[in-house]
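So the structure is just underneath, and the comments pick up after that.
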Amino acid sequence: MAAMDLFGRRWALRILWELREGPLGARALMARCEGLSSSVLYQRLRELTSNGIVVASTDGYTLTPQGSSLIDALGPLNQWATAWARAQEQDGEGPAGA
């Protein structure tokens, strides 16, 4: 349940998703996550770092091997979400909340 608490926090999964292709600095992360405040970004990075998912490097923040394995697990969820959104659009409903 601790993992669900950590990854269920606002912006946590988005930050991880943005780091999937390699290291990013804090400014680059904020630019990719429109609406993310610096205080929330640094809080999430502290939490992800203390849990061994992300590590700070000279190039910015990067996923640890454990973080990379999490991204591998998120791939199927992303595929499902993409298919669901397309189906909603075809039905003329659009994604929930849109």
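Of the solvent-accessible surface of the chain, computed with a 1.4 Å probe and all protein chains present, 52% belongs to carbon and sulfur.
Rounded to the nearest 20 debye, the dipole magnitude of the chain is 320 debye, with +1 charges on Lys and Arg beta carbons, -1 on Asp and Glu beta carbons, and the Cα centre as origin. Rounded to whole numbers, the Karplus 3J(HN,Hα) couplings from phi for the stretch 16-31 are 4, 4, 5, 8, 4, 9, x, x, 9, x, 4, 5, 5, 4, 5, 5 Hz, using 6.51 cos²θ - 1.76 cosθ + 1.60 with θ = phi - 60°, and x at Gly and Pro.
Net charge near Asn78, counting Lys/Arg +1 and Asp/Glu -1 over other residues with Cβ under 14 Å of its Cβ?
Working: positive: Arg14, Arg20, Arg86; negative: Glu18, Glu21, Asp72.
Its environment carries a net charge of 0.
Between Val54 and Thr49, Thr64, the built amide H atoms are under 5 Å apart, and every one of these is 5 or more places off in sequence or on another chain. Computed with every protein chain present, the accessible area of Asp5 is close to 90 Å² [probe 1.4 Å]. Highest mean first, the peptides 77-89, 35-47 sorted by other C-beta atoms within 10 Å per residue fall in the order 35-47, 77-89.
The values are calculated or read from the model by the stated rules, or taken from the named source; none is laboratory data. What you see is a predicted model, and the numbers here were worked out from it, not measured in a lab. Using ideal geometry, Cβ is built from the backbone for each residue, glycine included, and neighbour counts are taken over all protein chains shown. All accessible areas refer to the heavy atoms of the entire protein, side chains included, with ligands and DNA or RNA removed. Shrake-Rupley method; radii C 1.70, N 1.55, O 1.52, S 1.80 Å.
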